[in-house]
1. Quick check on my filter: what residues within the stretch 70-129 are of a type in the set (F, W, Y) and surrounded by fewer than 19 Cβ atoms within 10 Å (Cβ to Cβ)?
2. Do you know which of the residues in the stretch 28-69 that are under 11 Å from the mean Cα position of the chain (by Cα) and among the β-branched types (V, I, T) is surrounded by the most Cβ atoms within 10 Å (Cβ to Cβ)?
3. Going through S147, S80, S76 one at a time, which residue ends up being under 14 Å from the mean Cα position of the chain (by Cα), modelled with pLDDT under 95 and farther than 15 Å from S44 by Cβ?
4. Which residues, taken from the stretch 61-79, are touching a residue at least 24 places away in the same chain (Cβ under 8 Å), under 18 Å from W125 (Cβ atoms) and in contact with a helix residue (DSSP H, G or I) (Cβ under 7 Å, 6 or more places away or on another chain)?
5. S80 passes all but one of (1) assigned to a loop (DSSP other than H, G, I, E, B); (2) closer than 17 Å to L60 by Cα; (3) among the polar types (S, T, N, Q); which number fails?
Amino acid sequence: MRNFCNSFFNYTERVMDREKTYVAETESDLISIAEHILKDGVFSPIFCLSGDLGAGKTRLIKSFGKLLQVEDEVSSPTYSIINEYNSPDGIVYHMDLYRLDDIEAAQDIGLEEYLYSHRPVFIEWPEIANDILPKCNRIKMEVIGDSKRKIVHLYQTLA
């Protein structure tokens with residue numbers, strides 16, 4: 001998954017919206033799904049994860065971290081809002097916007113600078129920032145059993 005960010009902004013042709021649905025039961029399922037999402041989601045380095053508490057957003061981001069060879073331990077940035085992780089290809093950002101009250105709070109933390117950094121950005125609870133988010137990979141997660149998660153990836157490809 002190296003050189004992941006190099007191909008994002010080179011597209012000038014028409015794009016098409018796509019959707020894929022996955023079911024995860026194990027950690028290896030999450031790794032495989034994360035790999036597919038990274039491969040399909042090359043149009044944008046931004047991944048917005050939505051779902052109820054306990055849906056597995058942070059666990060999926062840990063899988064992305066493994067694939068991007070993140071050197072640090074991936075953990076929830078619930079209180080810090082933003083975690084930065086080192087990888088061989090540079091910084092990877094992980095955000096949790098759950099505690100932000102409004103769009104102004106998102107702007108105050110410099111969200112837009114991260115969004116346009118051309119670096120991978122993984123955002124949990126992105127809804128507060130929908131008005132300023134550029135086109136991104138949308139990942140919707142849902143609990144469908146004790147250890148089962150439904151993961152829907154909405155993304156764009158060249159038409």
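1. Across the stretch 70-129, the qualifying residues are Y79, Y98, Y114, Y116.
2. Among residues in the stretch 28-69 that are under 11 Å from the mean Cα position of the chain (by Cα) and among the β-branched types (V, I, T), the one surrounded by the most Cβ atoms within 10 Å (Cβ to Cβ) is I61.
3. S76
4. Within the stretch 61-79, F64, S76 meet the criteria.
5. Among (1) assigned to a loop (DSSP other than H, G, I, E, B); (2) closer than 17 Å to L60 by Cα; (3) among the polar types (S, T, N, Q), the lone unmet condition for S80 is (2).
The values are calculated or read from the model by the stated rules, or taken from the named source; none is laboratory data. The structure displayed is predicted, hence computed values, not measured ones. For neighbour counting, all protein chains shown are included, and Cβ atoms are generated from backbone atoms with ideal geometry for every residue, glycine included.
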